[in-house]
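Structure first, commentary second.
The values are calculated or read from the model by the stated rules, or taken from the named source; none is laboratory data. What you see is a predicted model, and the numbers here were worked out from it, not measured in a lab. Neighbour counts are summed over all protein chains in view; Cβ atoms, including those assigned to glycine, are modelled from backbone coordinates with ideal geometry.
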Amino acid sequence: MSTTIQKSDHDIDETVTRLASLKPFGRLDRVGAAPRGKEASWIDSLPESSRIRLEKYGIDLSQGYPLVPDSSEIPTFVDEAFEIRNKEYPYIERAKNADPEKKALFGAAKEVKDLTAHIGTEIVGLQLSDLTDQQKDELALLIAERVVVFFRDQDLSPQKQLELGKYFGQVEIHPQAARVPNTVDGQDIKGISVIWQEYQRQRSGLRLTYKNSINGNSQWHTDLVHEYQPAGITHLHNDAIPSVGGDTLWASGYAAYDKLSPAIQQFLDGKTAIYRSAHPYVDRQSPLSGPKFIEREHPIIRTHPATGWKSLFVNRAMTVKIVGLKKEESDILLEYLFGVFEKHVDIQVRFNWQPTKEGLGTSALWDNRISQHNAVWDHEGKQARHGTRVTSLAEVPFFDPKSKSQRESLGLSLD
């Protein structure tokens, strides 16, 4: 009897492994199985401006582009994906070292322009690749205060983009996402993701049409909320930009919190929510039960370690439920909170990546701890939009009950 049971258990384990090897789940906003490894290459469709930039800085395109991890390199089970970064990693909040007046950063710029009252600043006349550590610290503080900061006319190599990302924190290396090839002249450059919606649409089955333009990055979301230490500063550099369209919107979590009534603020302070990954995996114990996501519990109101301001930390794409509430209660409240970001245009900024000089690109750096963003797919793939992205992971999220809201801290009206 014992022998039979052991054999049965072995057979079950073997069946689970075989089923999982089929990789039955891709992202749920895609149709069909996405190609992997060399099969995923779309080198012939790479925009010319992107090719010129990549080749200029020694990126090897001979094995195809973008690099998509082979199926054998991707975690199969949700428990193993969960463990990839499941321990606290040392984090330095660079903004805490900055001069509050940002004299080194602003003094070197030709112009500093606030694009709206509450969110978004553009810096003119500086190259990100040339920043000193003091200027990087001041940039981190500016991002923490203004949520997103823009730089046009950038001559920026992927390597320098990665270097800046590592200065801000541990760079996330996504186990599934398309990325720039891993090495340049033997140097490891893992961690540079490719943002190329037309590739995702035509090569990987992303459901994007005019009637269904809210998918992939074209919906309100915050990056990597399922991480033990979620995303801090993300840096997207676009090297192929449509002449019309292809904008991106950001919304401020600080301002969203200040939109709430004092009663709702008090109710949410100290509460936590469940956040899930964008990519699904297989449940080892129940492989046929459908896709399972990595889930983490974080404060729904976060305190930013540099500003000390409270921020509403939710997003429609990946916030599952508020802990301690019944599902129907959580659903109603979350729907309202999502709408605070999405409906209040006075706490949003819409950025057009053009104009930029020929041969140069435009960069946006934003803080995921205090924002949502949404890429507008109105160009419908008629002109290329391609970029490289580096995301630096930040601290383990926390709520400080002594922290203040942005408007309270700045002495602005709370009405």
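Of the set (1) without any contact (Cβ under 8 Å) to a residue 24 or more places away in the chain; (2) farther than 26 Å from VAL314 by Cα, all apply to VAL184 but (1). Taking the criterion of being under 27 Å from VAL78 (Cβ atoms), among the polar types (S, T, N, Q) and touching a Leu at 6+ places or on another chain (Cβ under 9 Å), the residues of segment 148-190 that qualify are GLN170, ASN182.
For segment 147-168, residues that are in contact with a helix residue (DSSP H, G or I) (Cβ under 8 Å, 6 or more places away or on another chain) and not in a helix (DSSP H, G or I) total 7.
Residue-wise test of (1) β-branched (Val, Ile, Thr); (2) over 26 Å from VAL340 (Cβ atoms); (3) touching a residue at least 24 places away in the same chain (Cβ under 8 Å).
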residue	(1), (2), (3)
TRP353	no, yes, yes
GLY359	no, yes, yes
HIS379	no, yes, yes
GLN383	no, yes, yes
VAL390	yes, yes, yes
ALA394	no, no, yes
ASP400	no, no, yes
GLY411	no, no, no
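Yes/no matrix, rows are residues, columns are (1) acidic (Asp, Glu); (2) farther than 30 Å from PHE293 by Cα; (3) assigned to a loop (DSSP other than H, G, I, E, B); (4) touching a strand residue (DSSP E or B) at 6+ places or on another chain (Cβ under 6 Å):
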{"site": "VAL112", "(1), (2), (3), (4)": "no, yes, no, yes"}
{"site": "ALA117", "(1), (2), (3), (4)": "no, yes, yes, no"}
{"site": "SER129", "(1), (2), (3), (4)": "no, yes, no, no"}
{"site": "GLN134", "(1), (2), (3), (4)": "no, yes, no, no"}
{"site": "GLU145", "(1), (2), (3), (4)": "yes, yes, no, no"}
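Among residues of segment 53-70 that are without any contact (Cβ under 8 Å) to a residue 40 or more places away in the chain and farther than 13 Å from ASP155 by Cα, those with a beta-carbon under 6 Å from a residue that is of a type in the set (D, E, K, R) and not in a loop (DSSP other than H, G, I, E, B) at least six positions away or on a different chain give the pairs GLY64/LYS38. Within segment 240-255, which residues are in a strand (DSSP E or B) and either of a type in the set (Ser, Thr, Tyr) or more than 18 Å from the chain's Cα centre (by Cα) (or both)? Those that are in a strand (DSSP E or B) and either of a type in the set (Ser, Thr, Tyr) or more than 18 Å from the chain's Cα centre (by Cα) (or both): ALA240, THR248, SER252. Put simply, of ARG27, ARG94 the only residue that is on the phi < 0 side of the Ramachandran plot and modelled with pLDDT under 55 is ARG27.
Test ALA144 against the stated conditions and say whether it is within 24 Å of ASP346 (Cβ to Cβ) and surrounded by 21 or more Cβ atoms within 10 Å (Cβ to Cβ).
The answer is yes for ALA144.
Being surrounded by 20 or more Cβ atoms within 10 Å (Cβ to Cβ), touching a residue at least 40 places away in the same chain (Cβ under 8 Å), in contact with a helix residue (DSSP H, G or I) (Cβ under 8 Å, 6 or more places away or on another chain) and not hydroxyl-bearing (Ser, Thr, Tyr): is that true of ILE294 here? When the stated conditions are applied, ILE294 passes them.
Output the number of residues of segment 48-80 satisfying the condition of being outside any loop (DSSP other than H, G, I, E, B), at pLDDT 90 or above and among the small types (Gly, Ala, Ser). The total comes to 2. The one condition from (1) polar (S, T, N, Q); (2) surrounded by 21 or more Cβ atoms within 10 Å (Cβ to Cβ); (3) farther than 22 Å from THR356 by Cα that GLN161 does not meet is (3). What are the residues in segment 320-363 that are of a type in the set (Asp, Glu) and assigned to a helix (DSSP H, G or I), if any? Those that are of a type in the set (Asp, Glu) and assigned to a helix (DSSP H, G or I): GLU328, GLU329, ASP331, GLU335, GLU342, ASP346. Note on segment 321-330: residues that are in contact with a strand residue (DSSP E or B) (Cβ under 6 Å, 6 or more places away or on another chain), among the hydrophobic types (A, V, I, L, M, F, W, C) and either surrounded by 18 or more Cβ atoms within 10 Å (Cβ to Cβ) or over 21 Å from SER277 (Cβ atoms) (or both) amount to 1. Out of the residues in segment 148-184 meeting the condition of being hydroxyl-bearing (Ser, Thr, Tyr) and modelled with pLDDT of 90 or more, tell me which one is nearest to PRO66 (Cα to Cα). Taking the candidates together, the pick is SER157. Consider segment 337-378 and keep the residues that are of a type in the set (Val, Ile, Thr) and either farther than 16 Å from ILE119 by Cα or touching an Asp or Glu at 6+ places or on another chain (Cβ under 8 Å) (or both). The one that is surrounded by the most Cβ atoms within 10 Å (Cβ to Cβ) is THR362. The set of residues in segment 364-404 being part of a loop (DSSP other than H, G, I, E, B) and at pLDDT 95 or above consists of ALA394, GLU395, VAL396, PRO397, PHE398, PHE399, ASP400, PRO401, LYS402, SER403.
Listed by first and then second residue, the pairs linking a residue in segment 147-162 that is of a type in the set (Ser, Thr, Tyr) to a residue that is outside any strand (DSSP E or B), with Cβ atoms under 8 Å apart and 6 or more places separating them unless they lie on different chains, are SER157/ARG53; SER157/LYS56; SER157/TYR57; SER157/SER129.
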